[in-house]
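Enquirer: So that we are looking at the same thing, I have put the structure below in structure tokens.
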Amino acid sequence: MQLHPDLTGYVESSLVLSILKIYSNSQDLSEQVAYHCMRYSRRIHDLGALRLANSPVSLPTENPRSTYVQLNSLVSWREYFDLAKIPTAGCISTTNRITSFDSETRTGYMDLKNTANEMTCALTILAGLEATITNLDTKPALTIHLIGAAEWEATKSMLIEELFHLCPGLQNLTVGYVGPESFLLHNCVNSASSTGLTSLHSCKDCQNDGRSIRIFASRGLYHEFLTTDLATQHPPDLIVAFTAGHQDTNVDSWAPTLKQVLASNKPAVFTTFNLKEANEEEAAFDKLGACFILRPQINTWHGLVGYHERSGPKNVLWYKNLYWYIVKGQDPASTSSA
């Protein structure tokens with residue numbers, strides 16, 4: 001993931017420290033991550049305590065659903081919060097605005113915005129799966145490759161269980177974190193497992209249903225990773241790159257990766273901070289003859305906490321995963337000018 005310049009201090013402190021707290025303990029990695037259900041099962045009743053303690057407010061659906069409700073049938077975070085039965089859902093409108101300005105509503109609104117910021121990755125993945133897999137409601141196993149991954153994505157690994165809670169037919173989930181900045185997670189996973197795969201514990205309901213979440217990590221470039229045995233053994237159902245900025249930074253190293261993503265003929269979701277980045281990336285893929293499943297557009301499940309662009313126009317905010325698009329393969333009739 002491309003890190004926005006304004007996040008530098010935050011990343012160096014909050015995110016890296018979160019990773020170290022989870023992974024540096026001598027206990028097994030899976031035991032460490034097992035705490036996530038206990039932490040997040042507090043849900044709405046402990047939002048005040050979580051907020052005052054500066055803890056992340058990340059609240060997956062508390063109990064796995066027995067029926068599948070398509071995410072694309074929801075049009076806003078408000079409807080998602082209603083589906084998750086969060087009592088303060090009424091604090092946010094279907095246009096992501098606050099519904100009133102009393103103290104209680106303001107507090108609830110900020111908590112919901114923080115929740116959306118934590119859940120944006122998990123729901124964007126699910127939206128991408130729905131857009132590219134026709135039998136998702138009955139598909140028992142999925143493999144997802146997160147490319148250009150860094151510690152920011154790793155800190156959200158505990159929230160991937162939301163896919164289980166929203167997709168009752170899903171039994172086995174494998175998630176790979178691939179990118180030069182995923183070195184910390186790579187070292188932890190490989191020190192905990194000789195196979196390169198580590199299992200994450202889930203909630204008791206998911207455990208009782210025999211569901212399993214496995215992760216792997218590779219600190220190389222994605223086109224290099226594709227030559228490994230691990231890539232061969234775990235081909236993706238979906239490739240995802242969150243705010244990779246592949247036309248902004250490290251353009252030369254991204255070029256062969258983008259070509260291999262298209263050559264794999266696997267669906268790939270990309271997100272950006274703003275429309276300018278989305279348009280630049282769209283143009284780059286057009287030059288490669290990419291087939292678009294979805295052209296750049298606003299992502300319903302983008303983060304809701306806005307950040308100012310220091311070097312950009314005043315009063316302009318950027319948001320996590322604000323725009324998204326999906327590519328798959330290349331048009332055989334087109335010729336690449338790349």
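Enquirer: Mind telling me which of the residues Lys320, Lys287, Lys276 ends up being among the basic types (Lys, Arg) and within 30 Å of Asp111 (Cβ to Cβ)?
Expert: Result of the check over Lys320, Lys287, Lys276: Lys320.
Enquirer: A further question on this structure: For the stretch 177-185, does any single residue satisfy the condition of being assigned to a helix (DSSP H, G or I), at pLDDT 90 or above, closer than 29 Å to Leu304 by Cα and acidic (Asp, Glu)?
Expert: no
Enquirer: Here is a further query. Which of the numbered conditions does Tyr319 fail, given that it passes all the others? Conditions: (1) closer than 23 Å to Tyr177 by Cα; (2) modelled with pLDDT of 95 or more; (3) of a type in the set (Phe, Trp, Tyr).
Expert: (2)
Enquirer: Anything in the stretch 293-305 that is surrounded by 14 or more Cβ atoms within 10 Å (Cβ to Cβ) and either at pLDDT below 95 or in contact with a Leu (Cβ under 9 Å, 6 or more places away or on another chain) (or both)? List them, or say none.
Expert: Listed by number, the residues that qualify are Pro296, Asn299, Thr300, Trp301, His302, Gly303, Leu304, Val305.
Enquirer: Would you be able to say whether some residue in the stretch 272-292 is touching a strand residue (DSSP E or B) at 6+ places or on another chain (Cβ under 6 Å), modelled with pLDDT under 95 and on the phi > 0 side of the Ramachandran plot?
Expert: No - not one qualifying residue is present in the stretch 272-292.
Enquirer: Only one of (1) in a strand (DSSP E or B); (2) under 26 Å from Leu74 (Cα atoms); (3) not hydrophobic (A, V, I, L, M, F, W, C) is not met by Ser199, so which one is it?
Expert: Here Ser199 meets the rest and fails (2).
Enquirer: Okay, next question. For the stretch 228-243, how many residues are part of a loop (DSSP other than H, G, I, E, B), in contact (Cβ under 8 Å) with a residue 12 or more places away in the chain and among the β-branched types (Val, Ile, Thr)?
Expert: Going through the stretch 228-243 one residue at a time, the tally reaches 1.
Enquirer: Now, a different point. Where in the stretch 101-170 are there helices (runs of 4 or more DSSP H), lying wholly inside it, with at least 1 residues that are more than 15 Å from the chain's Cα centre (by Cα) and under 18 Å from Leu74 (Cα atoms)?
Expert: 103-132, 162-166
Enquirer: Also: With the structure loaded, tell me whether Asn265 is modelled with pLDDT of 95 or more and over 19 Å from the mean Cα position of the chain (by Cα) or whether it fails that test.
Expert: Yes: the conditions hold for Asn265.
Enquirer: Sticking with this one: For the stretch 48-86, what are the residues that are modelled with pLDDT under 90, surrounded by fewer than 17 Cβ atoms within 10 Å (Cβ to Cβ) and in a helix (DSSP H, G or I)?
Expert: Gly48, Ala49, Arg51, Leu52 - these are the residues of the stretch 48-86 that are modelled with pLDDT under 90, surrounded by fewer than 17 Cβ atoms within 10 Å (Cβ to Cβ) and in a helix (DSSP H, G or I).
Enquirer: Of everything in the stretch 244-265, what is in contact (Cβ under 8 Å) with a residue 12 or more places away in the chain, over 19 Å from Ala217 (Cβ atoms) and either of a type outside the set (A, V, I, L, M, F, W, C) or surrounded by fewer than 23 Cβ atoms within 10 Å (Cβ to Cβ) (or both)? Give them in sequence order.
Expert: Those that are in contact (Cβ under 8 Å) with a residue 12 or more places away in the chain, over 19 Å from Ala217 (Cβ atoms) and either of a type outside the set (A, V, I, L, M, F, W, C) or surrounded by fewer than 23 Cβ atoms within 10 Å (Cβ to Cβ) (or both): Gly245, His246, Gln247, Asp248, Thr249, Ala255, Pro256, Lys259, Leu262, Ala263, Ser264, Asn265.
Enquirer: Which count do you get for residues in the stretch 198-223 that are more than 22 Å from Lys266 (Cα to Cα) and of a type outside the set (Gly, Ala, Ser)?
Expert: 11
Enquirer: Would you say Asp237 is at pLDDT 95 or above, surrounded by 16 or more Cβ atoms within 10 Å (Cβ to Cβ) and in contact with a helix residue (DSSP H, G or I) (Cβ under 9 Å, 6 or more places away or on another chain)?
Expert: Judged against the criteria, Asp237 is a match.
Enquirer: For Thr67, which of the numbered conditions (1) closer than 29 Å to Thr134 by Cα; (2) within 22 Å of the chain's Cα centre (by Cα) fails to hold?
Expert: Condition not satisfied by Thr67: (2).
The values are calculated or read from the model by the stated rules, or taken from the named source; none is laboratory data. Not measured: the values here are computed from a predicted model. Neighbour counts run over all protein chains shown; Cβ positions are idealised from the backbone, glycine included.
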